[in-house]
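A.B. asks: Can you read through this structure? Questions will come right after.
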Amino acid sequence: MIKERLKDMELKITELSDYLQISRPTMYKFIDAYDSGDTSTINKHVLKLFKYIDENPLIGKKTVVTYILTNLVEEKELGDTSENKIFNQIKRYIVANPESAKSQFIELAVQKTDYDDAIKYLLKIYPLLKKRRLTDEEIDFLKPFDDIKNIMEEGED
């Protein structure tokens, strides 16, 4: 019974509804339908989630939420574009590595404007980092980046 599994995982119906962007009453209908064996009326994403939960008896709430965010949440406004693929790649990275420095930086970059100049600089130097031969001007332009790398490497020792 999916209802009991959700309760055992301490995953509330309201939380599940929010994650899947479905009303709570509709979620209850899906749960009742699944538990009675009538899967024909269940939203395909919800059915996929219920089957995932059934097939993996040792998973917990965190695993289910990660599964939802990684596999089921759609970004409808972006459509099926390369931007959507990049967005989903970023989302999967953040979900899988929420405590990483990169995830924390992405969060700050989205929420604050403090790092906009640094981001512009990083975007400008990125092509130079791949270049084999640099002009003196390009070498000078990369100096702050090299200084930061050296500071970070010294801090790791």
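The values are calculated or read from the model by the stated rules, or taken from the named source; none is laboratory data. These numbers come from a predicted model, not from an experiment. FYI the Cβ positions are ideal-geometry reconstructions off the backbone, even for glycines, and counts take in every protein chain you see. Protein only, heavy atoms only, side chains kept; ligands, DNA and RNA dropped before computing areas. Shrake-Rupley method; radii C 1.70, N 1.55, O 1.52, S 1.80 Å.
A.B. asks: Roughly how big is region 102-150's charge dipole about its Cα centre, with Cβ charges of +1 (Lys, Arg) and -1 (Asp, Glu), in debye to the nearest 20?
C.D. replies: Values: 10 positive and 10 negative charges, 72 e Å.
I would put it at about 340 debye.
A.B. asks: Can you tell me the relative contact order of the chain? Whole percent, Cα pairs under 8 Å, sequence separation 6 or more.
C.D. replies: Working: 68 pairs, mean separation 23.2, N = 157.
Across the chain, relative contact order equals 15 percent.
A.B. asks: On to the next question. By how many nm would the segment from Ser103 to Glu156 lengthen if fully extended, with 0.36 nm per residue of separation less the alpha-carbon distance?
C.D. replies: Working: separation 53, 0.36 × 53 = 19.08 nm, distance 1.98 nm.
Taking 0.36 nm per residue and subtracting the Cα distance, the gain is 17.1 nm.
A.B. asks: Express the accessible area of the chain per residue in Å², computed with a 1.4 Å probe while the remaining protein chains stay in the model.
C.D. replies: Numbers: 11730 Å² over 157 residues.
Per residue, the chain has 75 Å² of solvent-accessible surface.
A.B. asks: Ranked highest first by the average count of other Cβ atoms within 10 Å around their residues, in what order do 10-19, 104-113, 56-65 fall? It would help to have the intermediate numbers written out before the result.
C.D. replies: Working: 10-19: 15.3, 104-113: 11.2, 56-65: 12.9.
Highest-to-lowest ranking by the protection proxy: 10-19, 56-65, 104-113.
A.B. asks: Now for a separate question. Return the subset of Lys12/Lys48; Lys62/Lys112; Lys29/Lys112; Lys62/Lys130; Lys61/Lys120 for which the Cα-Cα distance in this structure is over 30 Å, preserving the input order.
C.D. replies: Numbers: Lys12/Lys48 18 Å; Lys62/Lys112 28 Å; Lys29/Lys112 41 Å; Lys62/Lys130 39 Å; Lys61/Lys120 39 Å.
Long pairs (Cα-Cα over 30 Å): Lys29/Lys112; Lys62/Lys130; Lys61/Lys120.
A.B. asks: Still on this model: For every helix of n ≥ 4 consecutive DSSP H residues, a contribution of -39,500 (n - 2.57) applies; sum these over the chain, divide by its total residues, and give [θ] at 222 nm rounded to the nearest 500 deg cm²/dmol. Please list the in-between numbers first.
C.D. replies: Details: 9 runs with 109 residues, N = 157.
It comes out at -21500 deg cm²/dmol, rounded to the nearest 500.
A.B. asks: What's the carbon and sulfur percent of the chain's accessible surface, probe 1.4 angstrom, rounded to a whole number? All intermediate terms of the calculation are to be shown ahead of the outcome.
C.D. replies: On the way: 6230 of 11730 Å².
Within the chain, the accessible surface is 53 percent carbon and sulfur.
A.B. asks: How big is the chain along each principal axis, measuring the range of its Cα positions in Å and listing the largest first?
C.D. replies: For the chain, the Cα extents along the three principal axes come out at 73, 38, 28 Å.
A.B. asks: Something else now. So if I place +1 on the C-beta of Lys and Arg and -1 on the C-beta of Asp and Glu, and nothing else carries charge, what would the dipole magnitude of region 18-157 be about its Cα centre? I want it in debye, nearest 20.
C.D. replies: On the way: 21 positive and 26 negative charges, 123 e Å.
The dipole of region 18-157 has a size of about 580 debye.
A.B. asks: By average Cβ neighbour count within 10 Å, what is the ranking of 38-51, 89-102 from highest down?
C.D. replies: Numbers: 38-51: 15.0, 89-102: 12.1.
Listed from highest to lowest mean packing, they are 38-51, 89-102.
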